[in-house]
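The values are calculated or read from the model by the stated rules, or taken from the named source; none is laboratory data. The model shown is predicted, which means the values in this text are computed figures rather than measured ones. All Cβ positions, glycine included, derive from the backbone under ideal geometry; neighbour counts span all protein chains shown. SASA here: full protein model, heavy atoms, side chains in, ligands and nucleic acids out. Shrake-Rupley method; radii C 1.70, N 1.55, O 1.52, S 1.80 Å.
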Amino acid sequence: MAGRASAQAALETRRSVLHAAAELASTDGLDSVTIGRLADRLKMSKAGVIGQFRSKENLQLETVNLVLDDFRTRVWQPVRHLEAGLPRLLGVCASWVRYAADPGYSGGCLLTQVTYDYDARTGAVHDRIAEGRTRWRDTLRHDIDAAVSAGDLPAATDTAQVVYALEALAGGITPARLLHGDDQTEDWALRGMHTILGVRPRD
């Protein structure tokens, strides 16, 4: 029982550290996530923090994993059961803009933040972000192609351009909301996505 309790405590500590890292990264960038800053924020020793991850890079990689898992849980999981093609694309658009408008972090959408932080760099963190975003793009491509095959999107649809446009709208929510104070970003982005997909706005 003592061993099980100790393992559970270690798991809870790890989760606390990762959530604190994600919150810090959302406002100050992923580079700001250091062993020392997290130790201060969580009132832990540096040894207690680094013992969970062994290095700053591993901590950053685990933070990126948390962000990607959170994105999948809140954006993809609620709609994955929908019919492939346009029905699921519309579901994705709705859950995506909800997540981007209220991601649960003070600094807005953390996936957007870490992408901007590392898109021009090289290394393990860049590769992990690129891998996660590529999987998401592949998911979108699959449903766009399915919508074309079903006749719900024109045969001449440029799948890559549609993916780009949807990403651009979702990625624009955080700066519009936090930098400019726009309070209709979720509605604007969803309307834009529907326009791209040829869906008429509801009255």
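Couple of notes before you dig in:
- 1.4 Å probe accessible area per residue over the chain, in Å²: 54
- Estimated from helices alone, the mean residue ellipticity of the chain at 222 nm is -22500 deg cm²/dmol (sum of -39500 (n - 2.57) over DSSP H runs with n ≥ 4, per residue).
- Full-extension gain in nm, ARG135 to ARG14, via 0.36 nm per residue minus C-alpha separation: 41.0 nm
- Helix 159-171 axis, angle to the chain major axis (alpha carbon atoms, nearest 10°): 50
- Each Lys and Arg adds +1 at its Cβ and each Asp and Glu adds -1 at its Cβ; summed about the Cα centre, region 71-160 shows a dipole of about 280 debye.
- Computed FRET value (nearest 0.05) for HIS180 with GLN77, which takes r as the C-beta separation and R₀ as 30 Å: 0.45
- Given +1 at the Cβ of Lys and Arg, -1 at the Cβ of Asp and Glu and no other charges, the dipole of the chain around its Cα centre is 700 debye to the nearest 20.
- Rg/Rh (Cα only; Kirkwood hydrodynamic radius) as it applies to the chain: 1.04
- Folded to 0 to 90 degrees: helix 2-28 orientation relative to the chain principal axis, Cα: 60
- As a rough guide to protection, the peptides 172-178, 47-53 ranked by mean Cβ packing within 10 Å, highest first, stand as 172-178, 47-53.
- Within the accessible surface of the chain, defined with a 1.4 Å probe on protein heavy atoms only, the carbon and sulfur portion equals 51 percent.
- P(r) tail fraction, region 78-139 - alpha-carbon pairs more than 13 Å apart, %: 69
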